Each structure stands twice: as structure tokens, then as C-alpha cells.
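The values are calculated or read from the model by the stated rules, or taken from the named source; none is laboratory data. This structure is a prediction, so every number in the text was calculated from the model and none was measured. Cβ placement follows ideal geometry from the backbone for every residue including glycine, while neighbour counts extend to all protein chains displayed. When the accessible area is computed, the model is the full protein with side chains, heavy atoms only, and any ligands, DNA or RNA have been set aside. Shrake-Rupley method; radii C 1.70, N 1.55, O 1.52, S 1.80 Å.
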Amino acid sequence: MNTHTHIKISIISMVVRLIVEKNHLDEQEAIFAFYNSRISDKLADRDVGLYRYSPYLIYELWNAEYQTGEFEQSPYYWSLL
């Protein structure tokens, strides 16, 4: 497993933990919700570089998508540009 893959797995684990805590989903629901999000796709895309950001920021983007259907609605989205 390369370092890039290890970093993404660590980030995903932390984001899923935040989803469980803050959105009151069980772990399986949180994993499903994360992997079925556009943010998950962005995290997998090396060109986007989302893996370089904090799991808290990634959670906030995910939560905006979860709540509104658009991660671009997060106030943190514009700081990524």
C-alpha cells in the first residue's frame, strides 16, 4: 500500500467517525453515506488533491452535500479554490 492510499484511508476513517458523531448515523450508514457522495469521488481524484486537507474540512464539505445535495454550499468550499 502506498503512502497516498494510506493517507486517504486514514482520512476516510476520521471523516466516517465525524459523520457517526455529528449526524447520529451508525457506522455502516456513515460509511455508505460517505462512499455514495460526490466528496468521496473528489477525495479519490488525485488531481483534485482533497486528501491534503483536514478531515474536519472534508466532513464539512460532505455534510453540506448531505444536507443540501451540493457540497458547494459549504462556506469552506470557496477556501479550496
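Listed residues S79, S40; which is in a helix (DSSP H, G or I), without any contact (Cβ under 8 Å) to a residue 60 or more places away in the chain, over 19 Å from T5 (Cα atoms) and among the polar types (S, T, N, Q)?
After ruling out the rest, the residue left standing is S79.
How many residues are among the small types (G, A, S) and open to solvent by 30 Å² or more (accessible area, probe 1.4 Å) when one looks only at segment 22-65?
Final tally of qualifying residues: 2.
Please go through segment 66-76 and pick out each residue that is open to solvent by less than 80 Å² (accessible area, probe 1.4 Å) and within 23 Å of V20 (Cβ to Cβ).
If the condition is that a residue be open to solvent by less than 80 Å² (accessible area, probe 1.4 Å) and within 23 Å of V20 (Cβ to Cβ), then G69, F71, S74 are the ones that fit.
Can L18 be described as surrounded by 12 or more Cβ atoms within 10 Å (Cβ to Cβ) and assigned to a loop (DSSP other than H, G, I, E, B)?
So L18 fails the test.
Can you give me the number of residues within segment 21-37 that are in a helix (DSSP H, G or I) and out of contact with any Ser or Thr (no Cβ under 7 Å at 6 or more places or on another chain)?
Adding up the residues that qualify gives 11.
Restrict the check to segment 55-76 and report whether at least one residue is without any contact (Cβ under 8 Å) to a residue 12 or more places away in the chain and β-branched (V, I, T).
yes
Does segment 55-69 contain at least one residue that is more than 10 Å from the chain's Cα centre (by Cα) and of a type in the set (V, I, T)?
Yes, that holds for at least one residue.
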